[in-house]
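K.L.:
Pasting a structure below so you can have a look.
What follows draws every value from the coordinates through simple rules; no lab data is involved. The model shown is predicted, which means the values in this text are computed figures rather than measured ones. Every residue, glycine among them, receives a Cβ derived from its backbone with ideal geometry; neighbour counts consider all protein chains shown.
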Amino acid sequence: MKDFLGKFLRKNNNVDKNIFSEKKELIPKHIAIIMDGNGRWANKRGLPRIAGHKAGMNVVKEITRESSNLGIQYLTLYAFSTENWKRPTDEVNFLMKLPEEYLQSELKDLVKNNVQVRMIGDIQQLPDFTRRAVEQAIEDTKGNTGLVLNFALNYGSRLEMLTAIKEIANDISNHKIKIDDITEASISSRLMTAGIPDPDLLIRTSGEIRLSNFLLWQLAYTEFYFSDTLWPDFSMDEYHMAIANYMKRARRYGGLK
């Protein structure tokens, strides 16, 4: 099993895509991505940071299409964290416009390709135009049954868990549940990802090796793939390599294979 990937690797270290049809049962059902390095990509080219975010949006389009083609069921993209509000105002304003721009240009294709748009995060703090664009995309794609494209927008995992804890405490206070009723399942059902399976594979780009307050509960047994590539340079070849790398791993969940 551990050597099956070898025959699918070309001399230039790209992946032969036949692996995804011959071993499709091993493809991760849910991939989460921390899209990092847009600003550094722009700085290296003497461009404003917003140019990096613009270039990164093009990679989102490609990754979404390829994920749908490969039969991946869920793709969760860390688009804007609760901590990102600390960035310069001009950059934040541009980042808030990106979801609207992306969804306006891609919504027809998303509908055509049977992609369902979802969002996790505090939508109430978003500007009206951002919130309207996201809500419209969610409404227009809610009946689609293919890839679930899940944007983490104004999202923070600690806030998510804190909110779930408060809900549980309130239910106990109102005698709706007892302390013994609290289980992992009852906590998961109160998270923003309720109804979505935990990620099988997490990809983070740009050489950073940390989770940055992203899906801390959900990533308990997720496989990690860290790349030195800046997000705007993240190619489909490397995406295939990350998936193929995952496919050869043995997931034991604390037990024995």
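K.L.:
Given contacts defined as C-alpha pairs under 8 Å and at least six residues apart, what's the relative contact order of the chain, whole-number percent?
P.N.:
Relative CO of the chain lands at 28 percent.
K.L.:
How big is segment 4-247 on each of its three principal axes, counting only the C-alpha atoms and giving the largest first in Å?
P.N.:
Projected onto the principal axes, the Cα atoms of segment 4-247 cover 63, 45, 36 Å.
K.L.:
Separate question: Under the rule a/c < 1.5 gives rounded, and otherwise a/b versus b/c splits prolate from oblate, where does segment 12-138 land using the Cα gyration tensor?
P.N.:
oblate
K.L.:
To the nearest 20 debye, what charge dipole does the chain have about its Cα centre, counting +1 at the Cβ of each Lys and Arg and -1 at the Cβ of each Asp and Glu?
P.N.:
Charge dipole of the chain: 640 debye, to the nearest 20.
K.L.:
Residues of segment 59-78 with amide nitrogen under 17 Å from the 7 Å Cα-to-Cβ point of Leu219?
P.N.:
Label zone hits: 75-78.
K.L.:
Which is farthest toward the positive dipole end of the chain among Ile31, Ile177, Leu215, measuring Cα position about the Cα centre, with Cβ charges +1 (Lys, Arg) and -1 (Asp, Glu)?
P.N.:
Ile31
K.L.:
So what is the 222 nm mean residue ellipticity for the chain from helices alone, if each DSSP H run of at least 4 adds -39500 (n - 2.57) and you divide by all residues, rounding to the nearest 500 deg cm²/dmol?
P.N.:
Value at 222 nm, helices only, nearest 500: -13000 deg cm²/dmol.
K.L.:
Something else about it: Could you give me the percent of Cα pairs per 10 Å distance bin for segment 160-257, shortest bin first, beginning at zero and ending with the bin that holds the maximum distance?
P.N.:
P(r) for segment 160-257, in whole percents per bin: 13, 33, 29, 17, 8, 1.
K.L.:
Using only the Cα atoms of segment 85-216, build the gyration tensor, take square roots of its eigenvalues as a ≥ b ≥ c, and label the shape rounded, prolate or oblate: rounded if a/c is under 1.5, else prolate if a/b is larger than b/c, else oblate.
P.N.:
Judged from the Cα gyration tensor, segment 85-216 comes out prolate (a/c at least 1.5, a/b above b/c).
K.L.:
Given 0.36 nm per residue, what is the gain on full extension from Leu256 to Asp90 after removing their alpha carbon distance, in nm?
P.N.:
Extra length available between Leu256 and Asp90 comes to 54.7 nm.
K.L.:
When the Cα centres of segment 13-59 and segment 118-197 are compared, how far apart do they sit, in Å?
P.N.:
25 Å
K.L.:
Convert each backbone phi in segment 108-119 into a coupling constant with the Karplus relation 6.51 cos²θ - 1.76 cosθ + 1.60 (shift: θ = phi - 60°), then list the ³J(HN,Hα) values in order as whole Hz, x for Gly and Pro.
P.N.:
4, 5, 4, 5, 4, 8, 6, 8, 9, 8, 9, 8
K.L.:
At R0 = 25 Å, how high is the FRET efficiency between Asp109 and Ser235 if r is their beta carbon distance? Nearest 0.05 is fine.
P.N.:
0.75
K.L.:
To the nearest µm²/s, what D does Stokes-Einstein give for segment 59-126 at 37 °C and 0.692 mPa s, using the Kirkwood radius over alpha carbon pairs as Rh?
P.N.:
242 µm²/s
K.L.:
Compute the FRET efficiency between Thr183 and Ile209 as 1/(1 + (r/R0)^6), taking r as their Cβ-Cβ distance and R0 = 30 Å, and round to the nearest 0.05.
P.N.:
0.40
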